[in-house]
Every structure is written in structure tokens, then in C-alpha cells.
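Structure, as C-alpha cells:
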Amino acid sequence: MDLENSTNVLILIFSAVAAGTIIVLPLLIVGLNVFRSVVVIRKGTVAVVERKGKFLRVLQPGFHVLVPFLERLHTLRWRWTETYTNTSGEDVSQCHEAPTDRIDLREQIMDFGVQRISSRDNVELMIQPVILYKLVDPVRVCYEMYDLVHALDKLMQTSLRAVVGDMSLDDTLASRDDVNSSVMRALSKTARNWGVEIVKLEIVSIQPMATIQEAMHKQLAAERTRRAEIVAAQGYREQERLKAEGAMHGRVTVSKGEQATAVLLARGTADARRKIVAAEAESVRLVGAALTDFGVEPTQYMIGMKYIETFRNIASKAARRILHL
């Protein structure tokens, strides 16, 4: 009897719990949907509302209330890549994915990591592109492309391969701005159909393979050595030219000095001779004036003086002297 009563009590308790669950559970579901129907959109973001699986409207920043059970926010699977340098000094890219029902309209950066691309002359390059973009059409973002980030990634790869594959290694390294503009034009045309505006595209780095880099370094070192030798040869040639010009100018200056010296010596000698002649003429005139009273010609007097001087020289230089008068 006691066992039967206990069983009846348990049945009553379970029945009450089941009835309470049947009543409370729908209330909880209704309350949860009513709570989720209240949406607050922050500034710079929007949300897309669907009713019965169809697009209804775009929610702008502010406070909004959805119709429970009929309206819901469209959810996107958004992925982003995080690039960092590990302890070994290598660049590592890590992809993250998360669902979101908010569409951020602010400008954002998308890093595509390092892309391995071959140039026209079959040189493998490691290129890291980065784009600055913003979502301008939320409806296209939600419905035109299933995986927008993956599509942009593949579109970047194909556009970069098409542009760089048509350029040589030297042109790629020297014309980074041309690569940026060409890839951006190809990317923007298609991305606009997906509701994405490409604001700017930049190539972070362009690096050839290690063997190509080593060859380029050797080529650069050889080119610098060649230029240094050319500069040294030009300097030596200029030095020798200046030395020759200096020696020439020195000889010209010396010859001009010797010429001026000879002219001055000739002028001095001529002046001296003129003065000697003038002095002799004056002495002859004076002697002639003095001998006029004695009836002697000045010429005889001068001959006699020269005769006496000649005898004096002969007598002073001869070892044995015989004089006949």
C-alpha cells in the first residue's frame, strides 16, 4: 500500500514538472526572441535585416526593434589574416574566422601575406601586398559573394600574377608604383561589384630568391668597383694633365723671366756703353781743348795713351821682356 502511494506521488510530481516545463519553455523562447529583437547599431556599422529569408532593409546606426520570429539579422562568415614575426625571425600568417551580423563601413587593412610569383624572365619573387579598403554596399557584401575575403585573396593573386608575370625582374624592382596602379585597377573593377571599394594598394616588399639576391649583390659590388676604378683613372688623368699644364706654365714663366732678364741686361749694357762713349767723347773733347795751346792733336794723344797702356799690359804678363824703343 505504501509503495503504491509513493508511486502515485512521484507520478503527480513528474506531471506537475512536465506541465510547468510545457508552460515555461515557450515563455522562455518567446522572451529570448523578444530580447534578441532589440538591436543597437553602433556608429560606423550597419546590419542587414531579412524577413522570411529575404532581404528587407539595412539598419543604420541607432536603436531598432525587429519583429520576433519573422525578422533576423543576416550573418556573415568573416575571415582576417594576422601576420607576425616568430622567434626565428620568419614572417608567419595566421588566418582567423568568426561569424558576425555587423558590417563595418570604416576603412580597413587586409594583409595578404607573402605571394610567390614568377616574373617574365622566370625569376621567383616573394611579394607581400596590402590593401586599404572599405565596404560601401552592405547588400552586395551580403549577397553577391559567399566568401568575400577568400575571393579578394584569390583576385589579388591572379591580378598580381598577371601584372608581374608580364614584367622582368629589373622592371618589377624599379617600377613598384606601376605595379601598384595596375593591380589596383584590375582589383577595383571586380571588387566594386561585391560592394567593396579599394582605397589604396601598396606593395610592402619585393624580394627575389636567395640565389638571385646573392647574384644581385655581386653584380652591385662589381659595378661599384668598376665605377671606383673609372673615377680613379679619371682622377689620375686629370692629375697628370694638371702636372703637365703646371710644368708648361712653369717653363713659359721661366722663359719669360729669362727673356725679360736678357732684355734688361741688353738695355743696361747699351746704356753703359752709351755712357762710356759719352764719357770718352767728353774726355777727348776736354783733352783736345787742353792740347790746343800746345799744337798737339787729340788723336795723337789718344794713340800715345793706348800705346803706353799696351806696353804696360805686355810688360805685366810676359815672363821675359825685351823692349826696343
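The values are calculated or read from the model by the stated rules, or taken from the named source; none is laboratory data. Just so we're clear, the structure is a prediction, and the values are computed from it rather than from any experiment. Here the Cβ is made from the backbone with ideal geometry for all residues, glycine too, and neighbour counts use every protein chain on show. Surface areas here come from the heavy atoms of the whole protein model, side chains and all, with no ligands, DNA or RNA. Shrake-Rupley method; radii C 1.70, N 1.55, O 1.52, S 1.80 Å.
Between residue 150 and residue 243, residue separation times 0.36 nm minus the direct Cα-Cα distance comes to 26.2 nm.
Annotation: per residue accessible area for region 165-310 equals 74 Å², rounded to a whole number [probe 1.4 Å, protein chains only].
Along its three principal directions, the equivalent ellipsoid of region 162-223 from the Cα gyration tensor extends over semi-axes of 32, 10, 9 Å, largest first.
Looking at region 84-164, the accessible area is 55 square angstrom per residue; that uses a 1.4 Å probe and ignores ligands, DNA and RNA. Taking label points 7 Å from Cα along the Cα-to-Cβ direction, residue 308 and residue 222 give a separation of 10.0 nm. Quick check of the Kirkwood formula: for region 141-258, what is the inverse mean of 1/r over all pairs of different Cα atoms, in Å? Across region 141-258, the inverse of the average 1/r is 19.7 Å. Approximating the spin labels as points 7 Å out from Cα along Cα→Cβ, the residue 270-to-residue 283 distance works out to 2.5 nm. Computed with a 1.4 Å probe on the full set of protein chains, the accessible area for residue 120 sits at about 130 Å².
Heavy-atom surface analysis with a 1.4 Å probe gives region 157-286 a carbon and sulfur content of 58 percent of its accessible area.
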